[in-house]
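Before any comments, here is the structure.
The values are calculated or read from the model by the stated rules, or taken from the named source; none is laboratory data. These figures come from a predicted structure and were not determined experimentally. Here the Cβ positions follow ideal geometry from the backbone for every residue, glycine too, while neighbour counts run over all protein chains shown.
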Amino acid sequence: MRFAAFAFILLLSGSGQASFSQARVNNTQTLEKLFSRLSVVREDSIRLRINDSITAIVSSYVRSDSVFSHKFRNIRYLGQITSPDSKIKIITWNLLLTKEKSRYFCYFIRKEGKGKENKVYELSAYYTDDPIKKNVDYSQSDWYGALYYDIRPFKYRGNICWILLGIDYGNQLVTRKIIDVLNFSEDGSLLFGMKWFKSGDHITSREVFEYSSDGTMSLRFNSRNSIVFDHLVPINPLQKSDRKFYGSDYSFDAFIYEKELWNLKINVDARNRE
């Protein structure tokens, strides 16, 4: 499948390869301009129309045969990550609105094997103040909404799944960071979550961290078997129950993979073991 050029781009003369390469350049330039416009336009109706144009380009791109070999360059607000095993690619962005609810848009592309078309999953979600649940499995239809910035494959009991790191800005007072698990059902449906993360006596399907929207928090893979993150504490002990007053105390905790579970460890050495 060829990467279709955006509607107003003229068909180029010359070889098919030259036209294809030029289409990539044109679409990259068009996306740059569209995201730049989104950063300055304030009217919701115009922002929605711009986003429709972005979606048209990305929707064509994710269904192209070059989606795993090509990446848009220098587009600041478009997230693009590929798993180290080259089996999954994720493209995400968010649309900020003033009078309507802001939104997330996401494509998961799954490589199906040589000679087969890739499987494309298209997701969207509205911003919400509600917390992301730790003890339920989500699907394509009820996805919570986030921007993913890292992904790693992991083998569990002979099956491959992928661990996701993401961030959610849906609540104005609290930022959320997420460790989640991407999996697929037998019929190929997209699934999020797996009972895998142990904190004390509790085992949850994902881990969600909430902290002040004015603060920052690091969350990263530290090795093949460890995920390291800032330890979060309330700014004032009397505000312990309110996550909008939480921030980092500059120490680190981690989830370490042991005995088929990701186990929480407090106060770890965060130097990269790889």
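Give me a count of the residues in the range 215-237 that are in contact with a helix residue (DSSP H, G or I) (Cβ under 9 Å, 6 or more places away or on another chain) and either surrounded by fewer than 15 Cβ atoms within 10 Å (Cβ to Cβ) or β-branched (Val, Ile, Thr) (or both). Walk me through how you get there before you give the answer.
Residues of the range 215-237 that are in contact with a helix residue (DSSP H, G or I) (Cβ under 9 Å, 6 or more places away or on another chain), as a first pass: 232, 234-236.
In the following step, the residues that additionally are either surrounded by fewer than 15 Cβ atoms within 10 Å (Cβ to Cβ) or β-branched (Val, Ile, Thr) (or both) were identified as 235-236.
Selection size over the range 215-237: 2.
Once the range 184-230 is narrowed to residues that are farther than 20 Å from residue 257 by Cβ and in contact (Cβ under 8 Å) with a residue 60 or more places away in the chain, the residue that is nearest to the chain's Cα centre (by Cα) is 190. Quick check on residue 68: is it surrounded by fewer than 16 Cβ atoms within 10 Å (Cβ to Cβ) and either of a type outside the set (S, T, N, Q) or modelled with pLDDT under 95 (or both)? It is true that residue 68 is surrounded by fewer than 16 Cβ atoms within 10 Å (Cβ to Cβ) and either of a type outside the set (S, T, N, Q) or modelled with pLDDT under 95 (or both). Taken over the range 134-175, the criterion of being without any contact (Cβ under 8 Å) to a residue 60 or more places away in the chain and not in a strand (DSSP E or B) is satisfied by 140, 141, 142, 143, 144, 145, 146, 158, 171, 172.
Among what's in the range 108-126 and is in contact with a Phe, Trp or Tyr (Cβ under 7 Å, 6 or more places away or on another chain) and not β-branched (Val, Ile, Thr), pick the residue that is surrounded by the most Cβ atoms within 10 Å (Cβ to Cβ). Talk me through it step by step, then tell me what you get.
Taking the range 108-126 as the starting set, the residues that turn out to be in contact with a Phe, Trp or Tyr (Cβ under 7 Å, 6 or more places away or on another chain) are 108, 111, 120-125.
Then drop every residue that is not not β-branched (Val, Ile, Thr), which leaves 108, 111, 121-125.
Working: 108: 24, 111: 18, 121: 17, 122: 14, 123: 22, 124: 14, 125: 19.
So, considering only residues that are in contact with a Phe, Trp or Tyr (Cβ under 7 Å, 6 or more places away or on another chain) and not β-branched (Val, Ile, Thr), the one surrounded by the most Cβ atoms within 10 Å (Cβ to Cβ) is 108.
Among the residues of the range 99-113, which ones are part of a loop (DSSP other than H, G, I, E, B), in contact with a strand residue (DSSP E or B) (Cβ under 7 Å, 6 or more places away or on another chain) and within 16 Å of residue 51 (Cα to Cα)? 101, 102 - these are the residues of the range 99-113 that are part of a loop (DSSP other than H, G, I, E, B), in contact with a strand residue (DSSP E or B) (Cβ under 7 Å, 6 or more places away or on another chain) and within 16 Å of residue 51 (Cα to Cα). Scanning the range 83-101 for residues being touching a Lys or Arg at 6+ places or on another chain (Cβ under 9 Å) and without any contact (Cβ under 8 Å) to a residue 40 or more places away in the chain gives a total of 2.
Given the criteria out of contact with any helix residue (DSSP H, G or I) (no Cβ under 7 Å at 6 or more places or on another chain), part of a strand (DSSP E or B) and at pLDDT 95 or above, does residue 178 qualify? Step through it out loud before you land on a result.
On the way: out of contact with any helix residue (DSSP H, G or I) (no Cβ under 7 Å at 6 or more places or on another chain): yes; part of a strand (DSSP E or B): yes; at pLDDT 95 or above: yes.
Here the answer is yes, as residue 178 does meet what is asked.
Here residue 90 qualifies as of a type outside the set (Lys, Arg) and within 21 Å of residue 161 (Cβ to Cβ).
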